[in-house]
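Colleague: Below is one structure. I have some questions about it.
The values are calculated or read from the model by the stated rules, or taken from the named source; none is laboratory data. What you see is a predicted model; the values in this text were computed from it and never measured. Cβ sites come from the backbone with ideal geometry, for glycine too, and all protein chains shown count toward neighbours.
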């Protein structure tokens, strides 16, 4: 390997940006531009099959990693994670009530919502910021995205079952909490009747006195 | 050239910091660290006579331009931090004695070290706090970093210029230890004569003035 | 270390003496006048630094320097600075005093010396200078190495390696609906609504009871005053207000009340008006 080729190699390696053969020649002092061009071609050939290529782009030369290795250098490690319970709740509230501010989500959930939860939903691509509500403090409001509909197999938000339908499928039956199961015990006596029914039932019970 | 070598070459070319063989292996997915090490050695050999070298600095590998081409590249690229004399001395003392407390550095230099000197070295990333010495007062002790080896072109601390010789001649030992070994050395040379012998000679010579 | 290495070996002393003379001339050789000589004090970081420099000017191995010559040079130096009436840092003066003491004890006969001996002090000073000298030399070699950014250069514009850790979040429709149901059930408003109930007010009960009492003089059970086909809730209300109406009529002397047993049926009869 001749000295000029070594110098070209080092100069291009250390350069902040691609260089033309002329710029290289003048950078390397008294080198003839023709020799530099020859050197560049030899180097390009040497690197042709290596992990790094010497390439010419619009008369300017630079080193770059071999295109077929690009996947190695900018790899994405995907890991699948199940959405947390809290995040799922927040997502559901946004879907049912959108557009909705964080404070509104919290008041519906009855629990404080960490900012991280919304971040996760936005990272997942299911929730986006939909502007600000024109009230004092101008809170950010959130809405679901087309990706959300896609992922959950919905053609529109109107496909989301209503409260009555949720109740009919038993999805409003709280099961976790002992207290709640007591309440639901009373409710299920209503046997799938409407929203109004429950108080009626209660007064029926009254007649037993 | 095998695929692993190509991948190592490309990864180290693209990397913005030096990488250990282990880091490379894990970055390149399923590569065995041993294979990566073999690949690194082969690549280093391939680049040995080129304008760009593959070097190991404190177990981390990177590409850099060949030192003998410095004169060509230095002109525009010089970007080395200028160190004060005090800072270079402190750095050398830390590197050759590490881990070392500030008091120990000061006792070698015979002057107080201003906080700024250590700050500069830590800011440069060459010196770090390496814990505390378990003696009264628990002084903080300092040591050099991998970046230090990197910057000064050392493969390991064993590459510090002259360190083996300094160690062999006891010049890295504290004065008290050196004095003790000197006195006892003189003693044994004295062939069973008294403690006083060597100093006696010395004082005799003094009178020559 | 051999005897050669010790401070005051013969040839060392001779050499050092020569060097010391040499040094006297150095200031001139280096074309420094006294003032320039002094001004360099600023460049020395403390007395040890100055001593090391003076020792180096003896142009011998640091192991062979003459401490005695060194002391003289240092004291001369401080004298000169003093003559220029320049202020000296305290530690230079402390060192000067210490060196003057060291020199005086070195010149004393051995047996009059105290502990630690002058030789010990001198030797330790020499060892310190050696160590500082070694470190200074090492620093020079270190700085002279192939430094990144000065002698060797890294890739000018590395692309950088990137591992974009992307999380694919997973959730299904059922989980979504279940979550909403959970929220709704958990936070179903615990509102206590008072429904409008059919009631019979006290006024209407009073009117109704006194009207019905006016029809007959016989005892009637309170229950008979209630509207016969009313829904249960209205009956309960009517029962309560009719009872209060009965009490009110009795108070006004328009009716009398009788009850045979505790919790037995309550009966009511009109008192004929006189």
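Colleague: Of everything in segment B:172-181 that's touching a helix residue (DSSP H, G or I) at 6+ places or on another chain (Cβ under 7 Å) and modelled with pLDDT under 90, which residue is nearest to residue B:91 (Cα to Cα)?
Modeller: B:175
Colleague: What number of residues in segment B:1-40 are over 15 Å from residue B:60 (Cα atoms), touching a residue at least 12 places away in the same chain (Cβ under 8 Å) and within 13 Å of chain A (Cβ to nearest Cβ)?
Modeller: The qualifying residues number 6.
Colleague: How many residues does segment A:109-150 contain that are without any contact (Cβ under 8 Å) to a residue 40 or more places away in the chain and either in contact with a strand residue (DSSP E or B) (Cβ under 8 Å, 6 or more places away or on another chain) or not assigned by TED's automatic domain parsing to the domain that holds residue A:160 (or both)?
Modeller: The total comes to 17.
Colleague: Tell me whether segment C:79-89 contains one or more residues that are within 11 Å of chain B (Cβ to nearest Cβ) and in contact with a helix residue (DSSP H, G or I) (Cβ under 9 Å, 6 or more places away or on another chain).
Modeller: yes
Table: residues versus (1) surrounded by 13 or more Cβ atoms within 10 Å (Cβ to Cβ); (2) within 12 Å of another protein chain (Cβ to nearest Cβ); (3) under 30 Å from residue A:96 (Cα atoms).
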{"position": "C:142", "(1), (2), (3)": "yes, yes, no"}
{"position": "C:147", "(1), (2), (3)": "yes, yes, no"}
{"position": "C:162", "(1), (2), (3)": "no, yes, no"}
{"position": "C:199", "(1), (2), (3)": "yes, no, no"}
{"position": "C:229", "(1), (2), (3)": "no, no, no"}
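Colleague: Still on this model: Within segment B:151-162, can you find the residues that are within 10 Å of the chain's Cα centre (by Cα) and either buried (at least 16 other Cβ atoms within 10 Å of the Cβ) or without any contact (Cβ under 8 Å) to a residue 12 or more places away in the chain (or both)?
Modeller: If the condition is that a residue be within 10 Å of the chain's Cα centre (by Cα) and either buried (at least 16 other Cβ atoms within 10 Å of the Cβ) or without any contact (Cβ under 8 Å) to a residue 12 or more places away in the chain (or both), then B:152, B:153, B:154, B:158, B:159, B:160, B:161 are the ones that fit.
Colleague: For segment B:112-138, enumerate the residues that are closer than 16 Å to residue C:49 by Cα and in contact with a helix residue (DSSP H, G or I) (Cβ under 7 Å, 6 or more places away or on another chain).
Modeller: B:112, B:113, listed by residue number.
Colleague: Condition (residue is at positive phi and outside any helix (DSSP H, G or I)) applied to segment C:228-239: is it met by at least one residue?
Modeller: no
Colleague: Okay, moving on. From the residues in segment C:114-131 that are at the interface with another protein chain (Cβ under 7 Å from one of its Cβ atoms) and crowded, with 23+ Cβ neighbours inside 10 Å, which one is farthest from the chain's Cα centre (by Cα)?
Modeller: C:119
Colleague: Also: Scan segment C:160-168 and tell me whether some residue there is closer than 30 Å to residue A:72 by Cα, outside any strand (DSSP E or B) and modelled with pLDDT under 80.
Modeller: Looking for residues that are closer than 30 Å to residue A:72 by Cα, outside any strand (DSSP E or B) and modelled with pLDDT under 80, one finds at least one in segment C:160-168, hence yes.
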